[in-house]
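Report on one structure; see the data block that follows.
The values are calculated or read from the model by the stated rules, or taken from the named source; none is laboratory data. Model, not experiment: these values are computed from the prediction. Backbone-built Cβ (ideal geometry, glycine too); neighbour counts: all protein chains shown.
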Amino acid sequence: MMNKDKFTTQSFFDAKQTGKKITMLTAYDYSMAQIVDDSGIDSILVGDSLGMVMQGNKSTLKVTMEDMVYHSRCVSRGVHRALIVADLPFLSYQVNSEDAIRNAGRLIQEGSADAVKLEGGQRMVQTVQAVVNAQIPVMGHIGLTPQSINIMGGFKVQGKETAAAQKLIDDAMALEQAGVFSIVLEAVPEKLAQIITERVKVPTIGIGAGRYCDGQILVVNDVLGMYSDFTPKFVKKYADLKTSITKALNNYATEVQNGQFPEKKHTFKIDETVLEKLY
Ligand code: KIV
């Protein structure tokens, strides 16, 4: 039977303790959030990946605080159980800690999120501490961090060399010390993700980080086969909704064109006495 209790940041810690894997997916609107929540997924990320899958941009860099507040609010209306994490978008937390607290606060207050996520390791320690001190739970994100795409030179696997791998371990430990309740590991070698998962007490959530993380996250549009601009190797498609939707819409167009839709059962009646007066 599905557990109906609200998933909380404490549930993240409990899951790591008991070895129960944490399930996470993104969502960006009310209808999808409702489906994801009803499916029993533990946590929903209102990811700034919405810049790519919702807005059609090539990266996440154009996403604004207004976008994040809007989508977070839409998602929150569809969710009862899952813990909602909202991404702090590019430049909403990098300038200074006051910005970070204010913007994280907006995602909680106006967007009804339960927690925020921000990208970066050791360089973000002070910011994480400031936001956590303001009583806002923070999820870290290291490895491939899409907001650093212009520094990283593309969507590439991170931590393959000794120094880079050691830096990711240090980043994870620094984030844990700073007070994050969990850490996303994106596009890192499986064995490195395993080492990090063993070294930190907070749960790791993998995306392209292999089998040994404490949980997994994917972009819901990838999982459902609704986004085909770019599909990373780590994605598994559990449905091909793009094909199903295209077929359904072709059927609709054909039925409208040849008069099969609408049928009588889709129409509304008017009283004969009213009608007589119109002729
Ligand atoms: O924005 C996003 O969807 C993310 C996940 C891919 C981790 O950050």
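If residue 149 satisfies every condition in (1) more than 24 Å from residue 66 (Cβ to Cβ); (2) assigned to a helix (DSSP H, G or I); (3) within 14 Å of the ligand (Cβ to nearest atom) but one, which is the exception?
(1)
For the range 193-200, check the following and say yes or no: at least one residue is outside any helix (DSSP H, G or I) and assigned by TED's automatic domain parsing to the domain that holds residue 20.
yes
Being aromatic (Phe, Trp, Tyr) and either in a helix (DSSP H, G or I) or surrounded by fewer than 24 Cβ atoms within 10 Å (Cβ to Cβ) (or both) is the requirement here; does residue 70 meet it?
When the stated conditions are applied, residue 70 passes them.
Report, ordered by the first and then the second residue, all pairs with beta carbons closer than 7 Å, sequence separation of six or more or different chains, a first member in the range 24-52 that is farther than 16 Å from residue 68 by Cα, and a second member that is among the aromatic types (Phe, Trp, Tyr) and in a loop (DSSP other than H, G, I, E, B).
Short answer, once both residue conditions are applied: 42/7; 43/7.
Which of the numbered conditions does residue 204 fail, given that it passes all the others? Conditions: (1) within 20 Å of the chain's Cα centre (by Cα); (2) over 18 Å from residue 158 (Cβ atoms); (3) buried (at least 20 other Cβ atoms within 10 Å of the Cβ); (4) away from the ligand (no atom under 11 Å from the Cβ).
For residue 204, the exception is condition (2).
So is residue 7 closer than 16 Å to residue 112 by Cβ, in contact with a strand residue (DSSP E or B) (Cβ under 6 Å, 6 or more places away or on another chain) and away from the ligand (no atom under 13 Å from the Cβ) or not?
Yes; evaluated as a whole, the condition is true for this residue.
Taking the range 201-243 on its own, how many of its residues are charged (D, E, K, R), outside any helix (DSSP H, G or I) and farther than 19 Å from residue 146 by Cβ?
6
From the list 217, 196, which one is of a type in the set (Val, Ile, Thr) and within 11 Å of the ligand (Cβ to nearest atom)?
217
Quickly run through the range 39-60 and pick out the residues that are touching a Ser or Thr at 6+ places or on another chain (Cβ under 6 Å) and either among the aromatic types (Phe, Trp, Tyr) or not in a loop (DSSP other than H, G, I, E, B) (or both).
45, 46, 51
Of the residues 161, 119, which single one is without any contact (Cβ under 8 Å) to a residue 40 or more places away in the chain, among the charged types (D, E, K, R) and buried (at least 23 other Cβ atoms within 10 Å of the Cβ)?
The unique qualifying residue is 119.
Among the residues of the range 97-137, which ones are in contact with a strand residue (DSSP E or B) (Cβ under 9 Å, 6 or more places away or on another chain) and part of a loop (DSSP other than H, G, I, E, B)?
If the condition is that a residue be in contact with a strand residue (DSSP E or B) (Cβ under 9 Å, 6 or more places away or on another chain) and part of a loop (DSSP other than H, G, I, E, B), then 111, 112, 113, 114, 118, 119, 120, 121, 136, 137 are the ones that fit.
Go through (1) more than 14 Å from the ligand (Cβ to nearest atom); (2) out of contact with any Gly (no Cβ under 9 Å at 6 or more places or on another chain); (3) assigned to a loop (DSSP other than H, G, I, E, B) for residue 159 and report which single condition fails.
Tallying (1) more than 14 Å from the ligand (Cβ to nearest atom); (2) out of contact with any Gly (no Cβ under 9 Å at 6 or more places or on another chain); (3) assigned to a loop (DSSP other than H, G, I, E, B), residue 159 fails exactly one: (2).
Working carefully through the options 75, 63, find the one that is β-branched (Val, Ile, Thr), in a helix (DSSP H, G or I), buried (at least 23 other Cβ atoms within 10 Å of the Cβ) and within 16 Å of the ligand (Cβ to nearest atom).
Selected residue: 75, the only one of 75, 63 that is β-branched (Val, Ile, Thr), in a helix (DSSP H, G or I), buried (at least 23 other Cβ atoms within 10 Å of the Cβ) and within 16 Å of the ligand (Cβ to nearest atom).
Name the pairs whose Cβ atoms lie under 6 Å apart, with the first residue in the range 53-71 and under 20 Å from residue 224 (Cα atoms), the second polar (S, T, N, Q), and 6 or more positions between them or separate chains?
53/221
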